[in-house]
Amino acid sequence: MSGGGAAQGGVEQGRVAIPDKLYYRIGEVEAITGVPAYVLRYWESEFRLLRPKKNPAGQRLYRRRDLDLVIRIKTLLYDERLTLEGAKKRLVAESRGPAQLDLGVRGSALEAALRRMRDQLRALRDRLTPPKI
């Protein structure tokens with residue numbers, strides 16, 4: 001298998017072409033990320049988000065999201081120089097962040113829609129309620 005095939009059928013992550021596959025073995029993850037297998041196994045014990053499946057023979061099978069997480073952990077630890085605890089906290093914050101941020105962005109539109117609905121319901125109530133004499 002040539003290196004050009006991986007670049008054609010894969011996705012670029014930084015400088016490394018990642019083959020577009022369902023599962024990656026630990027050796028492939030090691031080659032793609034540059035993180036040794038023993039470090040990957042250690043990170044599995046430290047980061048709860050990193051839990052590759054295992055096949056019946058006990059071999060680790062990383063999914064694409066696991067591979068992306070390994071690359072993110074590597075960036076946090078090696079490039080940003082965070083401690084393990086700092087990287088864990090950052091990953092937890094990032095995993096919770098988009099949902100909260102998404103609500104914040106849509107909050108004003110949602111609020112306006114609820115106000116319109118309330119006004120429409122009040123108008124309907126006023127039409128259905130007999131006038132007080």
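The values are calculated or read from the model by the stated rules, or taken from the named source; none is laboratory data. As the structure is a prediction and not an experimental result, all values here were calculated from the model. Methodologically, a virtual Cβ is constructed for each residue, glycine included, from the backbone with ideal geometry; neighbour enumeration extends over all protein chains shown.
For region 26-57, the set of residues classified as over 21 Å from LEU77 (Cα atoms) and surrounded by 16 or more Cβ atoms within 10 Å (Cβ to Cβ) is empty. Counting only helices (runs of 4 or more DSSP H) that fall entirely inside region 3-108 and contain at least 3 residues that are at pLDDT 95 or above, the qualifying elements are 26-33, 37-46, 64-74.
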